[in-house]
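Data block below; observations after.
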Amino acid sequence: MLELSNPFPLETTSLIHCITNEISCEMLANGILALGCKPVMADDPREVLDFTKQSQALFINLGHLSAEKEKAIRMAATYANQASLPMVVDAVGVSASPIRKSLVKDLLDYRPTVLKGNMSEIRSLVGLKHHGVGVDASAKDQETEGLLQVLKDWCQTYSGMSFLVTGPKDLIVSKNQVAVLGNGCAELDWITGTGDLVGALTAVFLSQGKTAFEASCLAVSYLNISAERIVVQGMGLEDFRYQVLNHLSLLKRDENWLDAIKGEVYE
């Protein structure tokens with residue numbers, strides 16, 4: 001049984017530093033604000049450390065990579081490792097880009113707290129067969145047989161790290177626990193940035209002292225349950241996007257929202 005404590009109201013108004021995809025930057029900022037924290041998006045190597053040093057968690061998203069952004073990412077990750085700052089790495093596009101895969105493997109040396117990706121991205125990263133195209137997961141890659149043990153082994157190697165693997169069923173894997181969660185709705189694929197948002201929300205919960213496993217379960221469940229509460233019949237894309245952000249700000253008022261989580265935990 002999944003046992004989580006309600007993180008709301010948050011204990012502090014944390015600053016969350018996001019080095020992220022410009023396409024989803026505004027959504028992430030508003031999502032972080034909706035939960036009660038403050039976002040900053042600084043990816044210029046000349047100032048990245050100034051903001052990272054003031055932050056309570058770091059979110060790194062590879063969604064729109066460049067040479068300058070890679071430099072900033074490495075600088076911020078180095079500091080996070082040295083300062084024991086919670087760090088989430090979203091391995092966007094590693095199944096399509098050797099450059100991104102190489103960067104993520106380098107970032108493992110800086111001990112990220114959570115490594116996130118869709119099923120195709122994570123299968124590619126750990127050396128399993130995959131069918132991902134671009135930054136999207138393939139329906140052919142949703143089988144978990146063989147994957148879970150590999151992820152557990154990686155968590156043993158990189159002590160303290162958890163995997164957050166998104167899909168029709170979301171997987172959260174730590175050294176000692178596996179959660180299989182089933183909330184959400186297909187309409188979340190209507191809009192870009194919802195996967196990125198899960199990573200940013202994970203950083204929010206890490207900044208509040210949650211473990212990697214707890215923060216990952218809370219983040220993916222919070223977004224998915226928010227989306228489930230939207231009545232989508234007859235709704236267009238932009239209306240749905242608006243309502244996702246709207247419900248992110250409303251769900252925390254429900255003291256019993258954790259009761260809506262669908263899933264199981266295995267040792």
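If one computes the Cα centroid of segment 148-164 and of segment 100-123, what distance in Å separates the two points? What the calculation gives is 11 Å, centre to centre.
Taking every full run of DSSP H in the chain, the ones that stretch at least 18 Å from end to end by Cα along their long axis and average 0.0 or higher on the Kyte-Doolittle scale are 194-207, 212-228, 237-251.
Scanning residues 5 or more positions from S14 or on other chains, those with amide H under 5 Å from its amide H are K38, with H placed 1.01 Å from N in the peptide plane.
Rounded, prolate or oblate: which fits segment 1-143, taking a ≥ b ≥ c as square roots of the Cα gyration tensor eigenvalues, rounded meaning a/c under 1.5, else prolate when a/b beats b/c? In terms of gyration-tensor shape, oblate. Solvent-accessible surface of segment 1-117, averaged per residue with a 1.4 angstrom probe and all protein chains in place: 43 square angstrom. When shorter helices are ignored and each DSSP H run of at least 4 residues is given -39500 (n - 2.57), the per-residue value for the chain at 222 nm works out to -12500 deg cm²/dmol. Within the same chain, lysines fewer than 8 places from K262 are excluded, and of the rest, those with a Cα less than 17 Å from its Cα are K169.
Taking a straight Cα-Cα cut-off under 18 Å and skipping sequence neighbours fewer than 8 places away in the same chain, the lysines within cross-link reach of K53 are K38, K69, K71. For segment 16-53, the set of GluC sites (Glu not before Pro) satisfying both a DSSP loop assignment and a count of at most 14 other C-beta atoms within 10 Å is given as E22, E47. For a test of the definition: using alpha carbon positions, the gyration tensor, and the 1.5 limit on a/c, classify the chain as rounded, prolate or oblate. Rounded is the answer for the chain, as its axis ratio a/c remains below 1.5. In loop segments of segment 175-267 as defined by DSSP, the trypsin sites (Lys or Arg not before Pro) with at most 10 further C-beta atoms inside 10 Å of their C-beta are R253.
Each other residue within a Cβ distance under 12 Å of Q243 adds +1 if Lys or Arg and -1 if Asp or Glu, for a net charge of -2.
Taken about its Cα centre, the chain carries a charge dipole of about 520 debye when Lys and Arg each add +1 at the Cβ and Asp and Glu each add -1 at the Cβ.
Applying the criteria of a DSSP loop state and at most 11 other Cβ atoms within 10 Å to the GluC sites (Glu not before Pro) of segment 142-206 yields E143, E145.
The values are calculated or read from the model by the stated rules, or taken from the named source; none is laboratory data. From a predicted model like this one, the values you see are computed outputs, not experimental measurements. Glycine also receives a Cβ, built like all others from the backbone with ideal geometry; neighbour counts cover every protein chain displayed. Calculation scope for accessible area: heavy atoms of the full protein, side chains included, ligands and nucleic acids excluded. Shrake-Rupley method; radii C 1.70, N 1.55, O 1.52, S 1.80 Å.
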